[in-house]
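What follows draws every value from the coordinates through simple rules; no lab data is involved. Only a predicted model underlies this, so the values are computations on that prediction, with no experimental measurement involved. Ideal geometry is used to build each Cβ from the backbone, glycine not excepted, and the neighbour counts take in all protein chains shown.
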């Protein structure tokens, strides 16, 4: 039984990272009905910048917590600017173009970010060897590390803040109005262009934090790390019901747990025929099953197609 | 008519001109671009005609290639002839297409794109891992020593000798692939103008309206998926026989994206557009590869790795193209009109 709970703990940690990235997808989709394919790569940029900056600062003799906090702040800032630029250059001019066009620019941007990152950081895996603390607690054979608690706690805090922002602020009200109908929001005096920009900026900031968490958790970063993470986060958003904030949080955590449990048990269930090297398949299987049986996701609302 | 004949002559002479001016490697690049053209024509059926966004199209190419590889290599010791394996590969790929299509056709646009993307990745993960406990695909190493493309005693991968004239292997392959491309092209242009093609376009423009005028939308969408996948499988088989080696590396998401870009950039649902798009995008990266030499000439050293640079240029081209001309380079008349209205 301790294996089970251990995998649940690992899954919740992983899932909280997915949830933060999923929030970025779901906010953008909710407002513009656009899959921001480059979002995963924003995560990657955030992760690699934090990695380099903290290495640099530690080299300069700063203490680890201070260096890490500065690194997180720098990467959040850079990603916010990046998110804003992406929206401005690649999506805004295409607001009224056929739906395939922004999808292709998104793919192009994703590729562009990856290749630029490959130029800057190289193609090899960069190790991140500094851990804040190695403290961990063991309870009935289940080990929980301080890092896992930190990741989980910080993402819960961020999710709470976002929730508050969306439901109890002027910007949040504007965002919800724009999501319901851009035209009507405009009639009510909402500057929808600015709201969309701000949505991208907020999503990118969350992505940066998620990237830092990912790099610390796996202790390694690479220019391709955003792709799979982004895809899984998108799955999480769909699982919870895309466009729905609560859904993205729930979907992220759930997907993390499903993946961890799947990877932990697939070997036993299939008597060793499939191993944990199939763990990435689970996210896609979940995605396909959800879309077939419950296309609106767990918490999504029904939409009726009109002619 | 006269124009057509001169075009045909030009196409037939092209490999010889390239062979003697630029060398064998460039003819090889053209061979590969013909394979890409076949793939784009197949994807064009799915995306261009029926309007179903497929981001995992390379999976069908992979199925065709692995079918060929498994049925004519030392992997299982099976060496079947080309004319048996190619259809098997095509049918297998078509079945996979229907298999993917059947449960997912209720989905629309972006959702369908993501599911097909997931499907493509699942196929690749399986190809990568189906090496133990039963070794089927040989894992990441892939399958090598695949039999060359051959009909009886004619082996296309080797040079042919007719009296005094020796036809180099790359040119052989060129003619073989050209034949396959022309057949695919005729097939899809006939499809486009048939009842089926009109049904697809009706579905693409408005699915609900199409079903209201009595089009069995589900059946036609499945047909599009199946036929598109069949074309992909066919070119996959040719790829395996040409290359003599397949591995999961060749079937990444990047390739699916590349083919989609060829179709969209050229002009969706319009065969001349698809031709231009796929030739341009498959040859452009090779030209950009040459930048290493230019950089050395200009700066005395290679400043930016050409492999990176060509992908950066490629990505920029995609973004700029969509911003400047979202309907594609050579759009069909219908589509151009649509874009002007908006």
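A few comments on the model shown:
- Chain B: most fluctuating residue of B:49, B:57, B:111 per GNM, C-alpha cutoff 10 Å: B:111
- Taking all Cα pairs closer than 8 Å and separated by 6 or more residues, the relative contact order of region B:74-149 comes to 27 percent.
- Using the Cβ-Cβ distance between residue A:150 and residue A:188 with R0 set to 45 Å, the FRET efficiency works out to roughly 0.65.
- Burial ordering of B:115, B:45, fewest other beta-carbon atoms within 10 Å first: B:115, B:45
- Burial ordering of B:298, A:119, B:34, fewest other beta-carbon atoms within 10 Å first: B:298, A:119, B:34
- Relative contact order, percent, region A:2-293 [alpha-carbon distance under 8 Å, six or more residues apart]: 39 percent
- Per-residue [θ]222 nm for chain B (sum of -39500 (n - 2.57) over DSSP H runs n ≥ 4, rounded to 500): -23000 deg cm²/dmol
- Rounded if a/c under 1.5, otherwise prolate or oblate - region B:24-251, Cα gyration tensor axes: oblate
- Spatial offset of region A:76-154 relative to region B:179-222 amounts to 40 Å, using the alpha carbon center of each.
- In the elastic network of chain B, a GNM with C-alpha springs shorter than 10 Å, the most mobile of B:169, B:194, B:40 is B:194.
- With a Förster radius of 22 Å applied to the beta-carbon distance between residue B:145 and residue B:99, the computed FRET efficiency rounds to 0.15.
- Top of B:305, B:145, B:54 by mean-square fluctuation, Gaussian network on chain B, Cα under 10 Å: B:305
- The mean sequence distance of close C-alpha pairs (under 8 Å, at least 6 residues apart), as a share of the length of chain B, puts its relative contact order at 29 percent.
- In terms of its C-alpha gyration tensor, region A:78-222 has an oblate overall shape, because the principal axis ratio a/c (a ≥ b ≥ c, square roots of the eigenvalues) is not below 1.5 and a/b does not outweigh b/c.
- Prolate/oblate/rounded call for the protein assembly as shown, Cα gyration tensor, a/c under 1.5 rounded: prolate
- Once the mean of 1/r is taken over each pair of separate Cα atoms and inverted, chain A shows a Kirkwood hydrodynamic radius of 20.0 Å.
- Which of B:170, B:274 has the fewest Cβ neighbours within 10 Å, and the rest in rising order: B:170, B:274
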